[in-house]
1. Out of R88, R15, which single residue is of a type in the set (D, E, K, R) and not in a helix (DSSP H, G or I)?
2. If a residue must be of a type outside the set (S, T, N, Q), in a helix (DSSP H, G or I) and within 23 Å of A61 (Cβ to Cβ), how many such residues does the stretch 18-39 contain?
3. Taking only the stretch 60-85 into account, find how many residues are acidic (D, E), in a loop (DSSP other than H, G, I, E, B) and more than 13 Å from L5 (Cβ to Cβ).
4. What pairs come up if the first residue lies in the stretch 62-86 and is surrounded by 14 or more Cβ atoms within 10 Å (Cβ to Cβ), the second is part of a helix (DSSP H, G or I) and small (G, A, S), and their beta carbons are under 8 Å apart, counting only those six or more places apart or on different chains?
5. Pick from A58, A39, A82, A31: which is of a type in the set (G, A, S) and under 20 Å from F144 (Cβ atoms)?
6. Give the number of residues within the stretch 16-49 that are of a type in the set (D, E, K, R), surrounded by 14 or more Cβ atoms within 10 Å (Cβ to Cβ) and either more than 15 Å from T116 (Cβ to Cβ) or at pLDDT below 95 (or both).
Amino acid sequence: MKSCLVLIDIQESFRQRPYFTERDVPAYLAAQNALIDAAQKQGVPIVRIFHVDGPKTAQNAFAIESGHVRPLEGLAPSEAAATFYKSRHSALVGTGLDVWLTQNGIGRLVVTGIRTEQCCETTTRHASDLGFQVDYVTDATLTFDMQHEDGSPLPAADIKARTAAVLKDRFARICTVPQAIDRLATPA
C-alpha cells in the first residue's frame, strides 16, 4: 500500500497567535524534519496543507494576504507532490485532497503538523472514516497549552497524550518517528 506524508498547517500563521510559544518547537521540528528527510529519501510523496480563513487582509495571520501562510521557519525544505488550502479543521473537507489521494493510489496517510488536537486529530478521524489507514505521529505534531472550563491549566503534553489515547487502534496507529520512518519503507 502506498503511503503519503501529510504536513498539516505547519505555517508561520501560528507564530502570530498570542498562545504560541517556542517551548516545544525545537523538538517538534526535529521530529518533523526527520520524517520529511525519510520521505524524500524513500520517494514517498509529501502533501502540504495550509489553513486559510477569515478576512482576506494583511492583518489576518491566516489570510494569504498576510504573508504568514507559508512554511514555519525551521521546517526542512521539501518538494510537495501537492499543496492544498483548507478552511475547515479536516484537510479532507472541500480541498480535493481525497480525490488526489485516490488518483495517486495512496492508502496510508502519515499525519503530522499543527495543532495536535484540532486539525491533525480531525483529519485523522475523517481519513479513517473514508477508509484510509492512518499512522499518527504524535511527536511530529505540535500544540499549545490551553485551559479547562474552570480556568485550570491543560498542558500541551496532556493534550497530546489524550489525543493519542483516543485515536489509538480506533482511528489510527500511533507511531513514534522511528516507527513511522520504518513504515514509510514498508508497504502495508
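1. From the options R88, R15, the qualifying one is R88.
2. 4
3. 1
4. What qualifies is F62/S13; S66/S13; H68/S13; V69/S13; S78/A39.
5. A31
6. So the answer is 1.
The values are calculated or read from the model by the stated rules, or taken from the named source; none is laboratory data. Quantities reported herein were computed from a predicted structural model and do not represent experimental measurements. Virtual Cβ from ideal backbone geometry, glycine too; neighbours counted across all protein chains shown.
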